[in-house]
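All remarks here apply to the structure that follows.
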Amino acid sequence: MALLATSTIAFKTINTQIRSRSFLPAQRHLPLSSSPPSSSFFRTVSVKAMELEQKNPMVIDENGVLKKGIAEFYDESSAIWEDIWGDHMHHGFYPPDSTVSLSDHRAAQIRMIEQALRFASIPLGDERKWPKKIVDVGCGIGGSSRYLSEKFGATAIGITLSPVQAQRANALAAAQDLANKVSFQVADALDQPFPDGQFDLVWSMESGEHMPDKAKFVSELARVAAPGATIIIVTWCHRDLGPDEESLKPWEEKHLKKICDAFYLPAWCSTADYVRLLESLSLQDIKSEDWSPYVAPFWPAVIRSALSWKGLTSLLRSGLKTIKGALAMPLMIEGFKKDLIKFAIITCRKPE
Ligand code: SAH
């Protein structure tokens, strides 16, 4: 997933929100981790972001600049994320109406993995049918790979565009005595360095939103899947279009564009688009669901931690890309609230 955007306006939104706390209805059980930063602190971060923005105007196109931006974004921000949130760089799954405590977030991220496995009908009760060889496409620092490898006793290979992530993921695997089972490398999901039909679980947790060519992305997932393999895609989508609609509304396009600029994302697609792509590849048991309601507490919690002293000082020490990402977080919350952004799971099986 795209982490931690972009204008002073967004920053002002965060600033106003933390003051009024109006953006935290589901978080009322979370105490602020320390006393709120002073207004001069906010000004300092904001001015730094603006200065950096002027020096490094961001350009995104689909000919390599996007990939470079993604790699640099994660090179720069992954250590901060790990420091504050741990090794899973994806949303948590929060049961409806649950109270959310600060310590629950890692558990919520694990719950996301477990729920995804269940949704995809992985036979958790039958060890003989557990996945043995997993590919983690867009692996971050390898949280899913290590978790799945330990859970199933499987081997896992993760790919990321970020050299810093690949290195850190390998170091964490070694530290957990998993180096013989799990490994990570820099590679492009749209041109994967694997022969056909290799993996019995193809896992993409919040990386699809970064892919500029969704058809190529999905066809690569299907290509590396072994016959009978399960493919799990958890990703950000825009709402499905109505029967009379040919495109999103102008305000919706504008809103997504701001998020794209901050998080290094190309054009978005809908869940229905993913389903059509999977159907066109004759994949079986295609299922999808909107999990937006289950992830609602996530961004407010991330903003909260970014606004803690630890979060802010880390942000100040980071670079422009991370700061821009942090400033875009309220746009995600607004997008979900306005039913524009959908948190989607799409799963299927490759025919035997
Ligand atoms: N799945 C991980 C990380 C999600 S962050 C987790 O849940 O913890 C998104 C990840 O997608 C990053 O690691 C980024 O490098 C990766 N990514 C984005 N575009 C990619 C591409 N074209 N090829 C490979 N990895 C990509």
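So the values come out like this:
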quantity	calculated
Note, ³J(HN,Hα) from phi for the range 168-179, Karplus 6.51, -1.76, 1.60, rounded to Hz, x at Gly and Pro	5, 4, 5, 5, 5, 5, 4, 5, 9, 6, 10, 4
Length gained when the stretch LEU316-GLN284 is fully extended (0.36 nm per residue, less Cα-Cα span)	6.8 nm
Long-range amide H partners of ALA156 with built H, under 5 Å	ILE134, VAL182, SER183
Solvent-accessible surface ranking, highest first, for ASP191, ASP261, ASP136, ASP83 at 1.4 angstrom	ASP191, ASP83, ASP261, ASP136
Accessible area (Å², per residue) of the range 160-207, counting only protein heavy atoms and a probe of 1.4 Å	43
Heavy atoms of THR99 accessible to a 1.4 Å probe, total area in Å² rounded to 10	100
Share, in percent, of DSSP beta bridges within the range 228-352 that are antiparallel, nearest 5	95
Among ILE286, SER247, LEU265 - extreme Cα towards positive end, dipole of the range 240-352, charges at beta-carbon	LEU265
Normalised contact order of the range 72-221, rounded percent, pairs of Cα under 8 Å and 6 or more residues apart	22
Total charge dipole magnitude, the range 89-161, about the Cα centre, Cβ charges on Lys, Arg, Asp, Glu only, Debye to nearest 20	260
The range 94-219 shape via C-alpha gyration tensor axes, a/c threshold 1.5	rounded
ASP177/ARG118 FRET efficiency (R0 25 Å; Cβ-Cβ; nearest 0.05)	0.35
Per-residue HN-Hα couplings for the range 112-128 [Karplus 6.51, -1.76, 1.60; θ = phi - 60°; Hz; x = Gly/Pro]	4, 5, 4, 5, 5, 4, 5, 4, 7, 6, 5, x, 5, x, 10, 3, 5
TRP309, TRP251, reordered so the largest accessible area comes first (probe 1.4 Å)	TRP251, TRP309
Exceeding the 30 Å Cα-Cα cut-off - candidates LYS181/LYS324; LYS132/LYS310; LYS254/LYS350; LYS287/LYS321; LYS216/LYS254; LYS216/LYS249	LYS181/LYS324; LYS132/LYS310; LYS254/LYS350; LYS287/LYS321
Selection of trypsin sites (Lys or Arg not before Pro), the range 268-352, meeting DSSP coil and at most 13 other Cβ within 10 Å	LYS338
Whole-Hz ³J(HN,Hα) from phi, Karplus 6.51 cos²θ - 1.76 cosθ + 1.60, for the range 340-345, glycine and proline x	8, 9, 10, 9, 10, 10
For the range 259-332: rounded, prolate or oblate by the Cα gyration tensor [a/c cutoff 1.5]	prolate
Whether the range 209-352 is rounded, prolate or oblate, judged on the alpha carbon gyration tensor where a/c under 1.5 counts as rounded	prolate
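The values are calculated or read from the model by the stated rules, or taken from the named source; none is laboratory data. Remember, it's a predicted structure, so these values are computed and weren't measured experimentally. With ideal geometry, Cβ positions are generated from the backbone for all residues, glycine too; neighbour counts draw on all protein chains shown. Each accessible area value is taken on the protein alone, full model and side chains, heavy atoms only, with ligands, DNA and RNA left out. Shrake-Rupley method; radii C 1.70, N 1.55, O 1.52, S 1.80 Å.
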